[in-house]
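These notes are about the structure you will find just below.
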Amino acid sequence: MSDKGQLPIASSNRRAIDRHGSAFPGLMVRGIDRKIQSPRSRRHADASAFATASRGAGPHRHLPRQNTWAYGAKVLPVRAFGTAVRLAAILRCESIFGCDPLTPADRLDDEEKKAECLVENAGKKITTGKQAECYANEYIGLHLKNMAGGKTYADLGEPQSQLREQVAKVQQTNDPALADLQKQLAEVNAQRDTVFKGETLRGLLLTSYGFSEMGVKAGQAATAMYLGAALLLLLSLAGLVHAIRTPPSEAFAAPAPQPADTVA
């Protein structure tokens, strides 16, 4: 029977499958097409079924593994670039602490003058990782310790809560001690707020110092790689010169001639 006589049969089969077997459209249509269609029509049906499955039609979705690798190859460089931009923004002096200069030497107190890095960098702008570390530990850390007695933001939360409860109780009884308690609460609130800001700024400065050290190590590794690349380039050029100057007829690493055995 010719292909023209088979086309109506194929169309009626497709309509029947769409009505009763829609759960597996690609698989069932492709199986019947293999029996009733010509080889050329069969190839078109296979391509159509594969495209439908790739788009996710039906419960049987089979994405090629290559698509996953292609997606990763596209997304990873973008995310890496975004991370690099973010780290660069963190390391920028303006985005962290405004590049304000350190306290001048004539304004340092006796305790601050004990830190050699503060005296050495007095009046200078913070532009390096070492300066950031010095300012974070020797200046901010020192004042946080002296102001709150070494207490952290979390440590000050308990006395703050206690004073708030006392103020709430006293307000109900109109106790004369209300003004004193409110003053103490205001002092604790100010201390806790200052400690929070100081610890945050100190953490940002130390983060900048850490990434600056990573940059130094990366620069050293890059220098070593460049030296290795230069050495390999010289060796390659030496091999090229040797290959040019050596005649084609000359054997490479030829074995030494063995002496002929003498007949007694």
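Where a number appears in this text, it was derived from the coordinates with a stated rule and is not lab data. Keep in mind the model is a prediction, meaning the values are calculated, not measured. Every residue, glycine among them, receives a Cβ derived from its backbone with ideal geometry; neighbour counts consider all protein chains shown.
A simple spin-label model places the labels of residue 171 and residue 183 2.0 nm from each other, with each point 7 Å out along Cα-to-Cβ. Across region 100-216 the C-alpha pair distances fall into 10 Å bins from zero in the proportions 13, 32, 26, 16, 10, 3, 0 percent. Sorting the segments 228-241, 180-193 by their residues' average number of neighbouring beta-carbon atoms within 10 angstrom, most packed first, yields 180-193, 228-241.
Calculated FRET efficiency, residue 164 and residue 114, Cβ-Cβ r, R0 41 Å, to nearest 0.05? Kindly include the intermediate steps, with their values, before the conclusion.
On the way: r = 38 Å, r/R0 = 0.93.
After rounding, the FRET efficiency stands at 0.60.
Put the Cα centre of region 129-146 next to the Cα centre of region 152-172 and the gap is 29 Å. Using the structure shown, list the pairs from 113/145; 113/197; 130/217; 114/145; 151/197 with a Cα-Cα distance above 21 Å, or answer none. Distance filter (> 21 Å) returns 113/197.
Note on residue 147 and residue 224: the extension gain reaches 23.0 nm, defined as 0.36 nm multiplied by sequence separation minus the Cα-Cα distance. Taking θ as phi - 60° and the Karplus parameters 6.51, -1.76 and 1.60, the scalar couplings of region 195-210 work out to 5, 4, 5, x, 5, 5, 5, 5, x, 5, 5, 5, 5, 4, 4, x Hz in sequence order, x denoting glycine and proline. For region 161-246, a Kirkwood radius taken over Cα pairs fed into Stokes-Einstein (10 °C, viscosity 1.306 mPa s) yields D = 83 µm²/s. Here the Karplus curve 6.51 cos²θ - 1.76 cosθ + 1.60, taken at θ = phi - 60°, turns the phi angles of region 174-183 into couplings of 6, 6, x, 6, 4, 5, 5, 5, 5, 5 Hz, with x standing for Gly and Pro.
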